[in-house]
Amino acid sequence: MQSARSTSPKALSPAGHSQERSDLAAAFRWAARLNFHEGVANHFSVAVNENGTQFLMNPNQSHFSRVKASELILVDANDPETMNRPDAPDPTAWGLHGALHRQCQHARVALHVHSIHATILSTLQDPHLPPIDQNCAMFFNRYAVDTEYGGLAFEEEAARCCQQLSNPSKKVLIMCHHGVMVIGEDVADAFNRLFYFERAAETYIKALWTGQPLRVLSDAVAEKTARELEEYPGQAERHFAELKSILDCEEPDYAQ
């Protein structure tokens with residue numbers, strides 16, 4: 001856990017971090033296209049300093065489809081005056097992402113959504129994702145489940161919840177009765193993981209609809225598959241670069 005030493009908002013320079021801003025804005029735009037958004041709720045963040053406590057995130061109540069790189073706000077997880085700023089973030093965004101970046105230095109990027117199938121998964125009596133196909137196997141032994149939902153993710157609830165991601169091997173948090181939090185080393189890594197987790201959850205939910213018995217991979221094969229996908233060269237980077245190329249043609253204002 002990082003020191004609680006605060007940094008005044010005036011000490012933060014909102015300029016710079018152009019790559020992080022562009023990538024995060026692109027992630028918002030694609031999340032909207034994929035219907036991962038929830039009105040003007042939900043939030044993404046990317047750490048911009050070494051210990052991860054300073055991070056960019058979306059402005060309060062901004063629709064994902066309208067987010068621009070220059071509009072992302074820069075905050076410090078250790079600044080107790082953050083919510084007194086004129087551009088203060090959404091209270092639950094501050095609670096959840098502030099707690100995560102304060103507690104988990106390895107979480108360089110955090111994407112929180114209520115995407116349909118991941119959220120359905122979070123409501124099941126057994127919210128685990130069995131390895132029934134390659135996409136599902138990607139997450140074998142690589143997610144955590146929080147079953148102790150206690151209301152909106154204000155600071156106390158958020159701090160409790162984010163402890164579930166203290167193990168760096170767990171890159172997805174299934175937040176029961178709530179949604180999902182996905183972390184990564186950079187925006188491309190995290191967004192690729194979010195995309196495939198929602199696809200995996202959709203496959204599983206629709207398989208359950210059939211009422212047929214599920215054919216589940218063995219633990220050994222599931223772990224082998226997950227490891228092979230983790231080591232697959234450049235997949236997340238190429239995936240995200242293609243998404244940005246499409247935005248460059250169709251929604252170039254995202255990078256402004």
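Values in this text are rule-based calculations from the coordinates and carry no lab data. Computed from a predicted model, the values in this text were never measured in an experiment. Here the Cβ is made from the backbone with ideal geometry for all residues, glycine too, and neighbour counts use every protein chain on show.
So here's what we get for this one:
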item	result
Label point 7 Å beyond Cα of Thr123 along Cβ direction - residues of the stretch 206-226 with amide nitrogen under 20 Å	206-211
Stokes-Einstein D in µm²/s, Kirkwood radius over Cα pairs - the stretch 28-174 at 25 °C with 0.890 mPa s viscosity	153 µm²/s
Gaussian network model of the chain, Cα within-10 Å springs - most flexible of Val172, Val221, Val187	Val221
Residues His239 and Asn51, FRET efficiency given R0 of 35 Å [Cβ-Cβ distance, rounded to 0.05]	0.80
The stretch 108-169 and the stretch 18-83: distance between their alpha carbon centers, rounded to Å	20 Å
Extension gain from Gln105 to Gln19, taking 0.36 nm per residue of separation minus the Cα-Cα distance	29.0 nm
Point-charge dipole on Cβ atoms (K/R +1, D/E -1) for the chain, about Cα centre, debye to 20	140 debye
Given charges at Cβ of Lys, Arg, Asp, Glu: the stretch 13-98 dipole, positive-most of Leu56, Asn35, Ser18	Asn35
Mean Cα-pair separation over length for the stretch 145-223, i.e. relative contact order, pairs under 8 Å, 6 or more apart, %	20 percent
Neighbour count of at most 16 Cβ within 10 Å plus DSSP loop: longest GluC sites (Glu not before Pro)-free window in the chain	82-147
For the chain, with +1 on Lys and Arg beta carbons and -1 on Asp and Glu, the positive-most of Tyr196, Leu152, Ala107 along the dipole	Tyr196
Radius 13 Å from Cβ of Ile73, net charge of other residues (Lys, Arg +1; Asp, Glu -1)	-3
Rg/Rg_globular for the chain, with Rg_globular taken as 2.2 N^0.38 Å and Rg from C-alpha atoms	0.98
